[in-house]
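See structure below.
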Amino acid sequence: MSQPKTKQEAVAGFRCGEILDAARKIFARKGFENATVDDIAESAHIAKGTVYLYFRSKQEIYLAAVKQGLAELNEETKRRMDLGHTAQEKLRAFLETRIQYFEQNRDFFKIYQSEFGNLFCHPAQVNANFKELYCRQAKVLETILDESIRAGELRAVRADMAAFTIYEMTRGLIIQRLLGWSRGDAGSDIQALFDLIWKGIQP
């Protein structure tokens, strides 16, 4: 059982959250290169010096913002998938959670998406934590697919390949929606993607 937080720890956690919320908005609007710590401090309504009490650099703020968002998304995705009893329910929960999360957190998706650009253009500069969190998301889905294949709920496909493919198809739909390229509402888009995926992996 974890120890309750002290008042000082609670205040520090709240302050960090404020800084990271502001950082996501600034990075999404200006990009990493053009954003400054001054911008982030102003958006968070705190002094620049206060920001440096919690983070040593703009790079550290950026990585913390990405990590916090991914960790939050991973936790919520797993929680909702665990509520499902069948492969269909778990897959639908995966799609719904991710698409709804990014619909509600568009600023975060912009900086999250920029990290994928770095994977191809500057792979050596991509933070190890980002890689680990990215792979963890697909791994959760891979485990569910593997268990469902063994139980005969799904046809015998490569669970690792299928998991990453489903993950990227979901990300592609999110991009379409955020760019305004989709003509459907979220519910119909989720259903269409689910049907497309399910027809490929059902027994």
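The values are calculated or read from the model by the stated rules, or taken from the named source; none is laboratory data. For clarity, every value in this text was computed on a predicted model and none was experimentally measured. Glycine also receives a Cβ, built like all others from the backbone with ideal geometry; neighbour counts cover every protein chain displayed.
Observations
- Residue match in segment 116-139 (condition: in a loop (DSSP other than H, G, I, E, B), out of contact with any Pro (no Cβ under 8 Å at 6 or more places or on another chain), modelled with pLDDT of 85 or more and not assigned by TED's automatic domain parsing to the domain that holds Phe27): no
- One residue stands out in segment 1-36 among those that are closer than 19 Å to Tyr62 by Cβ and polar (S, T, N, Q): the one that is modelled with the highest pLDDT, namely Thr36.
- Residue count for segment 145-197, restricted to those that are outside any loop (DSSP other than H, G, I, E, B) and either within 26 Å of Tyr112 (Cβ to Cβ) or not hydrophobic (A, V, I, L, M, F, W, C) (or both): 37
- Leading residue by the ranking (surrounded by the most Cβ atoms within 10 Å (Cβ to Cβ)) among those in segment 16-35 that are among the small types (Gly, Ala, Ser) and free of Cβ contacts under 8 Å to residues at least 60 places away in the same chain: Ala23
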